[in-house]
Ligand code: HGY
Ligand code: MN
Ligand code: MN
């Protein structure tokens, strides 16, 4: 690491690193898995418990805590005289993947809380409020689509269009959301999103670049585009012992041949396209009955929207070719275009990083983030810290404490600069 020059701010003068790490480790106990990971999916009792814990920390720190109709949390410091200015916001998500780690999302929320609390404690001269936010259901692993709280904030979706969605166990989203909100009955509810002057999200990189290059901070310039689809293949149930194969309409065989043909058709010599089938469900699900319905998901990503468009056409063609005697539907569930972040915010992250003497590079995010959705309406940026071996969406996800602390300090300094304009 580069040694900070004399006169420049030091990470440990800007935030309380020990408090940051203690809170992250305490939060990781909620939804802890036996293998060391975290299962704290959106709108579960664990998600509600995590929100309560974070609200408690914020209130102890003297921050004003509020929620909204979709369960986003706002933890606010408004310096005297600046109450009515548009805030500078920072946050991420408290929900995790089913086999997730302790840092994806949680880091960005707790780092934002630490930054906002430290700016308050250090009596930073601010001309705008600063807010830490936890956005609801970023992952989309339980209720599709993800980035739900941030999409609500920028008016990409309304609660009425999602409240009847069901999780894989048949629980209705509207009911799960009502339970989540009931767990914090005293929190004021902001009925309408408010304009934001600027937003910065801190996150672990979830990829291998920073660690390989021995860098502490990734200054994120943008996020690659993403599409989610659900393919449903319909055939006919038949007796496994008596029905000759040539007389079947076997949805399983059609669906599996689609998946393999799609992987072949989307193979990218440059290895830039990301094609994932992460969920595959066969019904009725009995060993001795031919499956009559198979649904599987596609998560498709690339930094170039034209490639996403072409790949979507390929998916339509290949699915039709491999359907045989089965019927099929292709439902587009989410489409997020590639995002370029706001140049002023990116520059502010970069200058705060270099003034802290931290080695950094600019990069594009492979993972999706709430900041990419919020960038549709507000000036946004992100700061990444390295994670071990680039592993994420896995229980072993981890990062060096020193990097987590450095990232939170960069965040605090960036928020201070943006909120002092
Ligand atoms: O899927 C994503 O990129 C994010 O981690 N939810
Ligand atoms: Mn995340
Ligand atoms: Mn994630």
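The values are calculated or read from the model by the stated rules, or taken from the named source; none is laboratory data. If you're wondering where the values come from, they're calculated on a predicted model, not measured in any experiment. Cβ coordinates were reconstructed from backbone atoms using ideal geometry, including for glycine residues, and neighbour counts include every protein chain displayed.
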Inset, instruction - Scan 191, 114, 131 and give me the residue that is part of a helix (DSSP H, G or I) and either away from ligand 1 (no atom under 14 Å from the Cβ) or surrounded by 17 or more Cβ atoms within 10 Å (Cβ to Cβ) (or both). - result: 114
Inset, instruction - Would you point out the residue of region 83-107, among those that are surrounded by 24 or more Cβ atoms within 10 Å (Cβ to Cβ) and within 11 Å of ligand 1 (Cβ to nearest atom), that is nearest to residue 393 (Cα to Cα)? - result: 100
Inset, instruction - Working only within region 201-217, note down all residues that are away from ligand 1 (no atom under 16 Å from the Cβ) and buried (at least 17 other Cβ atoms within 10 Å of the Cβ). - result: 210, 211, 215, 216, 217
Inset, instruction - Looking only at region 343-360, decide whether some residue is within 14 Å of ligand 1 (Cβ to nearest atom) and surrounded by fewer than 20 Cβ atoms within 10 Å (Cβ to Cβ). - result: no
Legend entry - Subset tally (residues that are under 19 Å from residue 45 (Cβ atoms) and either at pLDDT below 95 or within 16 Å of ligand 3 (Cβ to nearest atom) (or both)) for region 55-112: 12
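Only one of 220, 233 is in the same structural domain as residue 199 (by TED's automatic domain parsing), at pLDDT 95 or above and either assigned to a strand (DSSP E or B) or surrounded by 18 or more Cβ atoms within 10 Å (Cβ to Cβ) (or both). Can you tell me which?
On the way: 233 fails: in the same structural domain as residue 199 (by TED's automatic domain parsing).
Criteria check complete, one pass: 220.
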Legend entry - residue 51 vs. criteria touching a helix residue (DSSP H, G or I) at 6+ places or on another chain (Cβ under 9 Å), over 24 Å from residue 388 (Cα atoms) and away from ligand 2 (no atom under 16 Å from the Cβ): yes
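Among the candidates 215, 177, single out the residue that is under 19 Å from the mean Cα position of the chain (by Cα), touching a residue at least 40 places away in the same chain (Cβ under 8 Å) and in the same structural domain as residue 368 (by TED's automatic domain parsing).
Answer to the check: 177.
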